[in-house]
Structures are given as C-alpha cells and as structure tokens.
1. So what does the Cα-only Debye profile of the stretch 1-43 read at q = 0.26, 0.30, 0.34 Å⁻¹, as log10 I(q)/I(0), no solvent term?
2. Efficiency by 1/(1 + (r/R0)^6): what FRET value for E107 and K27, r their Cβ-Cβ distance, R0 = 22 Å, to the nearest 0.05?
3. Divide by every residue of the chain the summed helix terms, -39500 (n - 2.57) for each DSSP H run of at least 4, and state the resulting mean residue ellipticity at 222 nm, rounded to the nearest 500 deg cm²/dmol.
4. What ranking, highest mean first, results for peptides 81-93, 10-22 when packing means the other Cβ atoms within 10 Å averaged over each residue?
5. Could you tell me which of rounded, prolate or oblate describes the chain, using a ≥ b ≥ c as the square roots of the eigenvalues of the alpha-carbon gyration tensor, with rounded for a/c under 1.5 and, failing that, prolate when a/b is larger than b/c and oblate otherwise?
6. Search the structure for amide H atoms under 5 Å from the amide H of H76, placed 1.01 Å from N in the peptide plane, and list their residues when 5 or more places away or on another chain.
7. In debye, nearest 20: dipole of the chain around its Cα centre with unit charges on the Cβ of K, R (+) and D, E (-)?
8. Distance in nm between label sites at E75 and T114, each 7 Å beyond Cα in the beta-carbon direction?
Amino acid sequence: MPQYLLSMYQPDGDPPPPEVLGPITEKIAAWRKDLQAAGAWVFTAGLHPASTATVVRSQHGDVVITDGPFAEGKEHLGGFTVISAPDLDAALEWGRRIAEITTLPCEVWPVRSTDGG
C-alpha cells in the first residue's frame, strides 16, 4: 500500500499553555488510535525546536555546516507521521483530520517506494 508523509508545521516560539495544549494532545492521541485501528499508522515523531537543527550542505567542493533550519521563516517542521493509505484521497482525509485537531498546516506527500515508484 502506498505511504504518505504528513508533515506538521508550527509557529516558532513557546508552545501553548497546558490548558490549551492538553485537549489538543488528547485529540491527537485519539487520531493516532484511529490510524492504528485502520492499519494506516506506520511511524510518528515530534521534533525538538528549530533552533536545535543543523544543516549540512555541500557547496563548491566543501561541506558547510550551519545552525538552524534550512529556511528562515516564522514556522518550522514540528513533527511528522508516516501512514499507509490506499490513495491520495485517503491520505488527505487523515491530513484534514489532524489539521482540524491542531489548527496547524499539514503537508501530505507521497513517499517514494524503495523500488523508485
């Protein structure tokens, strides 16, 4: 079955206070249980703040290492989930559900199979 990457983007800065974040976290846990029950869940990970990222770039025959995310912006990749879904429409439905729960943007990307497909 095809796999899809659901990438969650969040604003820079401190997380919401516990009274706001708590109910969201509970809804995310229920969403993940739904994914698992449907046999669609593959892997989930949250990321440390963007300030902890390091970029390694090949440039003019040299390797340059810089602090921070590759792109400067007011949002950064905060976490991701890899799912199995029969098609893009099904993956988009999972993405819609998590975007509604978190009110954060969710990118849905098809994952290339190891055979290049």
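1. Debye curve over Cα of the stretch 1-43, log10 I(q)/I(0) at q = 0.26, 0.30, 0.34 Å⁻¹: -1.01, -1.09, -1.16.
2. That gives a FRET efficiency of 0.65.
3. After summing the helix terms and dividing by residue count, I get -10000 deg cm²/dmol.
4. 81-93, 10-22
5. Here the chain falls in the oblate category.
6. The list, which skips near neighbours in sequence, is Q10, D12.
7. That gives a dipole near 240 debye.
8. Label-label distance for E75 and T114, simple model: 3.3 nm.
No lab work stands behind these numbers, since they all come straight from the coordinates. Treat the numbers as computed from the prediction; the structure is a model and nothing was measured. Virtual Cβ from ideal backbone geometry, glycine too; neighbours counted across all protein chains shown.
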